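First the structure, in the form of structure tokens, and then the observations on it.
Bear in mind that the values in this text are calculations on the coordinates, not laboratory data. Predicted model only: the values in this text are computed from it and were never measured. Cβ coordinates were reconstructed from backbone atoms using ideal geometry, including for glycine residues, and neighbour counts include every protein chain displayed.
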Amino acid sequence: MYRSGFATYDGRSNMEKQGKHTTRVDQATMLALFNKAESLGFFAMQDKYDGEVTDLPSTVIRVSGGGVTKKVIGRVGQPAGFKALAAFADEQLLPLPWKPLVAEP
């Protein structure tokens, strides 16, 4: 998601939407997502939650705002706040009208 409201999504495997998609996100939703990230302590989380297991799915969350950017990769042992933020983002963003991006021939 960009400040303008333009958002992209890239579903790679085991996802309802496969491939690259775009949509618009309103300012209220973007603010709700940022506030949720702050309230769950996202900016204090480790940068990576991982382990020796490589065949599990990963979730990557990147949040920018207030002059701070934080990216967290979660595959194994993510805290409850990380999982809650991912679930909240899904609730807010998946119902939006995502349009597939068609590759140029």
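What about ALA32, is it loosely packed, with under 11 Cβ neighbours inside 10 Å and assigned to a helix (DSSP H, G or I)? Spelling it out, it is not the case that ALA32 is loosely packed, with under 11 Cβ neighbours inside 10 Å and assigned to a helix (DSSP H, G or I). Restricting attention to the range 48-58 and to residues that are among the hydroxyl-bearing types (Ser, Thr, Tyr) and in a loop (DSSP other than H, G, I, E, B), the residue that is farthest from LEU85 (Cα to Cα) turns out to be THR54.
Every residue, every condition in (1) touching a residue at least 40 places away in the same chain (Cβ under 8 Å); (2) assigned to a loop (DSSP other than H, G, I, E, B), yes or no:
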{"site": "ALA7", "(1), (2)": "yes, no"}
{"site": "MET15", "(1), (2)": "no, yes"}
{"site": "HIS21", "(1), (2)": "yes, no"}
{"site": "GLN46", "(1), (2)": "no, yes"}
{"site": "VAL60", "(1), (2)": "no, no"}
{"site": "SER64", "(1), (2)": "no, no"}
{"site": "THR69", "(1), (2)": "no, no"}
{"site": "VAL72", "(1), (2)": "no, no"}
{"site": "ALA87", "(1), (2)": "no, no"}
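Being more than 16 Å from LEU31 (Cα to Cα), of a type in the set (Val, Ile, Thr) and surrounded by 15 or more Cβ atoms within 10 Å (Cβ to Cβ) is the filter here, so list the residues in the range 53-84 that pass it. Scanning the range 53-84 gives THR59, VAL72, ILE73.
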